[in-house]
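Bear in mind these aren't lab numbers, they're just calculated from the coordinates by the rules spelled out. Given the structure is predicted, the values throughout are model-derived calculations rather than measurements. All Cβ positions, glycine included, derive from the backbone under ideal geometry; neighbour counts span all protein chains shown.
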Amino acid sequence: MGNGTLQHGSTYYTEPATRADIAGHVKTRRPTKLRVAATLTADALALVAASLLAVWIAGSFDNVPIVSRLAAPFELDPRGGTLTFLLLTPFWLAVLWAFGLYREPGRSIGGASMSETPHGLTALTAASWLMMIAMVLVEGPRAPIATLIAFWMLAIILVPAARWLGKVSVWARPSFQERVLIIGAGEVGHTLANKISKHPELRIKLVGYLDDGEPRRNGNGGPHLPVIGVFDDLDRIVAEQQVDRVIVAFSQARHDDFLRVVRACADSGVKVNIVPRLFEVVSSRALVDDVEGIPLLDVGHIELSRASMAVKRVFDLVVGGLIFLLVAPLLAIVALAIKLDSRGPVFYRQERMGRGGKPFFIFKFRSMYVGADKLRDDLADQNEYSGPMFKMKRDPRITRIGGWLRRWSIDELPQIINVMKGEMSLVGPRPLWVQEAEQCRGWTQKRLDITPGITGLWQVLGRSDIPFDEMVKLDYMYVTGWSLSWDLKLLMQTVPAVVQKRGAY
């Protein structure tokens, strides 16, 4: 490998690659640049559409007498010039760039996602306030404030929608796919590969493993990737396989050699990710402290304060109330469809374990025939889920309308009632059956320290495709890393998860 061999004790090893070695060998397919360009184009189109619609909407108020009378004393002009707002498009794009909205599409695994929406909302809101101040200073009372407000309301909807449309359409091309190499073919490496393979929306092609030790056989149904070399082959493999990203899942390489190669990869445009040790207790929301350049990950405190719980409750009441008003017509239509489809009640009530081990009855739309619970024991040998929960992809107890309700998660909507009653939250751990919850022991019981939710990490990341032991780990991560912004992010991520029907059966 590289420039020669060096003697180390009684063995010879190849000198690790330098930055120049890797930079000279790697063929730059650069899906990173394509992803950023596609995201930038989607944003520009969305902003132009928002500008045109905002001018049209504000101009239509001229025909509303009450608006004209209110604006007359202040000489306010509700309209704004179309050309003016179109010329502002580079300004909005510059603000999104300054807020880091084009860093994630290029650097993060999976690229742009609906999870960026809160950051985009902040960026567009801040930019709108600055623009409003500038317009008032320049144009005074003739400033097109109404147009700016209409633009802001449209942009915060159209920008994330355009990004999502671009990701499900343009990003499907092979040139947008990242080729990823995993260093470490042990338990962690195989677990990581299995998880990546379950998410095709990440646009990742796994090329194989590098490992200096004896690789573990993959016996859990994941992708059967080859071990294509040892650590000293890294620069050659990166060049030959046109690797875009290297993920380190516990390498046995020497520390100094490893640092040199990782830095060379990073400096040459090959992205590098490192799985932290004790990752089972480190939340993705973990804070990072610094002691003279050494990063320290904060595991997090397991209990939420009373103030945090109060904020979470207010959020549930406000957002839950708005959601209930929006879905009320749908609830009525679904209730009628259930009554026409099969005999029995519209709602199904089941005892679940709530916060602090207090049981409550959850509300769901009935998706099974009456008496289905009594047949569960008869079907126990056909359970397709690992753990105490019961799941079947082709459950004979499900009604015709019930299968459709489950695929689109509409059967979960009545749980808004539980949210209003304070028994559940919009976001939180999945509420388990009392019998299932009783099988949680030790640290897994910490999931009962927070109110269960309609959606959460388990639902967003795959639902029934995620094993029980992984689910309780995700619940632990959620409790330790809770924040209001994370709840909002998970709510945003629930939309594409439902549309894509991840693990819904």
Calculated diffusion of region 142-220, Stokes-Einstein form, Kirkwood radius summed over Cα pairs, 37 °C and 0.692 mPa s, µm²/s: 204 µm²/s
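Could you tell me which trypsin sites (Lys or Arg not before Pro) in region 406-505 are loop residues by DSSP with no more than 12 other beta carbons within 10 angstrom of their beta carbon?
Answer by residue number: Arg441.
Pairs of alpha-carbon atoms within less than 8 angstrom and 6+ residues apart define the contacts here; what relative contact order does region 306-499 have, in percent?
Computed over region 306-499, the figure is 22 percent.
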- request: Let me know the shape class of region 306-499, please: from the alpha-carbon gyration tensor, a ≥ b ≥ c as square roots of the eigenvalues, rounded when a/c is under 1.5, otherwise prolate if a/b is greater than b/c, or oblate.
  value: oblate
Using distinct alpha-carbon pairs, which all enter the 1/r mean, Kirkwood radius of region 177-275 in Å: 13.4 Å
task: Please turn the phi angles of region 95-102 into ³J(HN,Hα) values with the Karplus equation 6.51 cos²θ - 1.76 cosθ + 1.60 (θ = phi - 60°), one per residue in order, whole Hz, x for glycine and proline.
output: 5, 4, 5, 5, 7, x, 6, 10
statement: Here, Thr41 and Ala134, labelled 7 Å along Cα→Cβ, have an inter-label distance in nm of 2.7 nm
Label-to-label distance, nm, for residues given as Lys393 and Arg349 (7 Å Cα→Cβ offset): 3.6 nm
- request: Could you compute the FRET efficiency for Leu379 and Ser197, with r as their C-beta to C-beta distance and R0 at 25 Å, rounded to 0.05?
  value: 0.30
field: Placed amide H near Phe347: partners under 5 Å, 5+ positions off or other chain
entry: Arg366
- line: For region 130-262, percent of DSSP beta bridges that are antiparallel (nearest 5) comes out at 0 percent
task: Would you mind checking which residues have amide H under 5 Å from Phe250's amide H? H placed 1.01 Å from N; only 5 or more apart, or other chain.
output: Val275
field: 5 angstrom amide H check on Arg430, placed H, neighbours 5+ away
entry: Gly453
task: Kindly rank 88-96, 143-151, 238-246 from highest to lowest mean number of other beta carbons found within 10 Å of each residue.
output: 143-151, 238-246, 88-96
